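Below: one structure, written as structure tokens.
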């Protein structure tokens, strides 16, 4: 199984914990400000990105969906509005994030549709061929073993089912690319420290985005893992990308 450079990017460089454990600790620490910082740092455009990713599932009409790295539940909540599925299961390794998500879901009276639970993307606790669709929004960068996580999602996806991955990428426009790098490297970590008292989380954002195998490289990894009918779409001058693939019908 291939190891990718982003697999080794961690939030706390002096920690003896592995990436997975560090990521869980990091998100537990920033959970109380995560939603606010998402809206603030993206200018609210993250909601648009999520809607565009969800749109890729409208042709599938899935009734049972798995959302991996679900965090505070933004994707499941939006999917109830745009896809009207019967059930959405969200999994995440951060109990702090899930607690926030459960509060939001309860207030919106969506507990009969959405269930958030602790879960590891590299060891998904569901049988083969369970879900009609799987989504991951800004989560694959956090996998400790990228291919293992993708293989697990393929395993629990039904034949013909669709995977949609939403992830940060690097813009191609030279001038905008420089501004974007300054923003990720200096501005976002400083704002993160001011608001959440945690600079490491937003420094990690910069480091992991830089190291992630984006664009056609990630599409090739999807194909290597076993996904078919793969494609990608870029959003907002390349700041964000949507990657899609299907499980082959035997």
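The values are calculated or read from the model by the stated rules, or taken from the named source; none is laboratory data. All values reported here derive from a predicted model rather than from experimental measurement. Ideal geometry is used to build each Cβ from the backbone, glycine not excepted, and the neighbour counts take in all protein chains shown.
Among the residues of the range 23-34, those identified as crowded, with 18+ Cβ neighbours inside 10 Å and under 21 Å from residue 108 (Cβ atoms) are 31, 34.
Sort through 89, 68, 60 and tell me the only one that's closer than 27 Å to residue 221 by Cβ, at pLDDT 95 or above, surrounded by 14 or more Cβ atoms within 10 Å (Cβ to Cβ) and out of contact with any helix residue (DSSP H, G or I) (no Cβ under 8 Å at 6 or more places or on another chain).
89
Does the range 25-34 contain at least one residue that is in a helix (DSSP H, G or I) and without any contact (Cβ under 8 Å) to a residue 12 or more places away in the chain? No; the residues of the range 25-34 include none that is in a helix (DSSP H, G or I) and without any contact (Cβ under 8 Å) to a residue 12 or more places away in the chain.
Does any residue of the range 61-84 turn out to be part of a loop (DSSP other than H, G, I, E, B) and more than 26 Å from residue 108 (Cα to Cα)? Before the answer, list the steps.
Of the range 61-84, the ones part of a loop (DSSP other than H, G, I, E, B) are 61-63, 69-73, 83-84.
In the following step, the residues that additionally are more than 26 Å from residue 108 (Cα to Cα) were identified as none.
Looking through the range 61-84, none of the residues is part of a loop (DSSP other than H, G, I, E, B) and more than 26 Å from residue 108 (Cα to Cα).
Picking from residues in the range 222-239 that are surrounded by fewer than 19 Cβ atoms within 10 Å (Cβ to Cβ), part of a helix (DSSP H, G or I) and touching a helix residue (DSSP H, G or I) at 6+ places or on another chain (Cβ under 8 Å), the one that is modelled with the highest pLDDT is 224.
Here residue 109 fits the description: surrounded by fewer than 20 Cβ atoms within 10 Å (Cβ to Cβ), closer than 30 Å to residue 33 by Cβ and modelled with pLDDT of 95 or more.
With respect to residue 127, is the statement that it is assigned to a loop (DSSP other than H, G, I, E, B) and closer than 18 Å to residue 53 by Cα true? Against the criterion (assigned to a loop (DSSP other than H, G, I, E, B) and closer than 18 Å to residue 53 by Cα), residue 127 does not qualify.
Candidates in the range 1-22 are the residues that are loosely packed, with under 13 Cβ neighbours inside 10 Å and assigned to a helix (DSSP H, G or I); of these, the one that is modelled with the highest pLDDT is 8.
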